[in-house]
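First comes the structure, then the notes that go with it.
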Amino acid sequence: MTHATLTISSKNYSAWSLRGWLMARFAGLPFEEEFRPQDHPEARAELLLMAPSVRVPRLRHGAVDIWDTLALGEYLAECYPEKQLLPQDVAARAHCRSICGEMHSGFSSLRSALPMNLKAYFPNFAVWSRAFSDIERVTEIWRDCLQRYGGPYLFGTARGVADAMYAPVVTRFLTYDVPLDDVCINYCATIMSMPEMQEWLRAAQEEEDDIDELEVEL
């Protein structure tokens with residue numbers, strides 16, 4: 001069996017680490033975790049949104065070395081087609097790639113206003129006004145996909161790259177008590193109830209170090 005290592009940083013704060021980790025778990029790829037400490041310069045740059053290129057998660061699978069999250073998802077989808085990480089239908093697959101690309105390169109106001117923090121909960125949080133359009137766009141994507149493909153995941157009954165890409169947003173909405181409609185509330189519950197998410201959350205709770213810059217003030 002080809003050896004696989006997935007490099008990640010903080011499970012409490014790192015949205016990109018969560019995305020890649022979920023993709024690998026959805027694929028059923030056995031891998032060893034390699035943890036990059038939060039005080040590592042590259043890890044802090046990534047967590048504080050100052051990195052020009054995010055290099056976690058990074059998958060090393062035999063001779064293959066991947067440090068872009070979308071490329072990682074594409075690779076796993078090709079290696080494990082039976083897991084349907086990308087939709088089988090051509091049109092649906094193009095749609096999936098479009099919304100994943102939108103998350104990969106956009107929503108900067110949402111990221112800045114609502115940093116991922118799994119240990120925290122801020123009821124009635126006053127969301128920065130510039131983040132509202134990002135929140136509206138994310139929930140629009142969710143409603144459209146769930147209606148079009150029937151749920152419970154964004155592209156039907158199989159968990160895929162799209163769900164991994166949007167999972168950290170689910171945690172942000174819950175951390176900051178963002179008001180949602182019933183469709184989006186149910187989708188959040190579906191994502192958070194996955195055994196993989198529960199495993200990640202437990203590990204996040206065990207992290208001892210906090211990053212002051214990512215602890216919002218009320």
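Within the bounds of the range 186-198, is there any residue that is surrounded by 21 or more Cβ atoms within 10 Å (Cβ to Cβ) and at pLDDT 95 or above? Looking through the range 186-198, at least one residue is surrounded by 21 or more Cβ atoms within 10 Å (Cβ to Cβ) and at pLDDT 95 or above. Take the conditions without any contact (Cβ under 8 Å) to a residue 24 or more places away in the chain, within 25 Å of ALA71 (Cα to Cα) and not hydrophobic (A, V, I, L, M, F, W, C) and apply them to ASP144. Does it pass? When the stated conditions are applied, ASP144 passes them. Just checking, does the range 166-176 include any residue being at pLDDT 95 or above and either in contact with a strand residue (DSSP E or B) (Cβ under 9 Å, 6 or more places away or on another chain) or surrounded by fewer than 16 Cβ atoms within 10 Å (Cβ to Cβ) (or both)? No; the residues of the range 166-176 include none that is at pLDDT 95 or above and either in contact with a strand residue (DSSP E or B) (Cβ under 9 Å, 6 or more places away or on another chain) or surrounded by fewer than 16 Cβ atoms within 10 Å (Cβ to Cβ) (or both). Comparison of LEU114, LEU146 shows that the only residue that is buried (at least 20 other Cβ atoms within 10 Å of the Cβ), in contact with a Lys or Arg (Cβ under 8 Å, 6 or more places away or on another chain) and not assigned by TED's automatic domain parsing to the domain that holds TYR13 is LEU114.
Out of LEU174, LEU180, one residue alone is assigned to a helix (DSSP H, G or I) and among the hydrophobic types (A, V, I, L, M, F, W, C). It is LEU174.
Residues in the range 111-169 that are closer than 16 Å to HIS95 by Cβ, touching a helix residue (DSSP H, G or I) at 6+ places or on another chain (Cβ under 6 Å) and not in a helix (DSSP H, G or I): TYR153, LEU154, PHE155, GLY156.
Once the range 94-111 is narrowed to residues that are crowded, with 16+ Cβ neighbours inside 10 Å and charged (D, E, K, R), the residue that is modelled with the lowest pLDDT is ARG111. Any residue at all in the range 46-54 that is of a type outside the set (A, V, I, L, M, F, W, C), at pLDDT 95 or above and either closer than 23 Å to THR157 by Cβ or in a loop (DSSP other than H, G, I, E, B) (or both)? No, there is no match, as no residue in the range 46-54 is of a type outside the set (A, V, I, L, M, F, W, C), at pLDDT 95 or above and either closer than 23 Å to THR157 by Cβ or in a loop (DSSP other than H, G, I, E, B) (or both).
Against the numbered list (1) assigned to a loop (DSSP other than H, G, I, E, B); (2) crowded, with 20+ Cβ neighbours inside 10 Å; (3) at pLDDT below 95, PRO87 comes up short only at (3).
The values are calculated or read from the model by the stated rules, or taken from the named source; none is laboratory data. Model, not experiment: these values are computed from the prediction. Every residue, glycine as well, gets a Cβ built from its backbone with ideal geometry; the counts of neighbours run over all protein chains shown.
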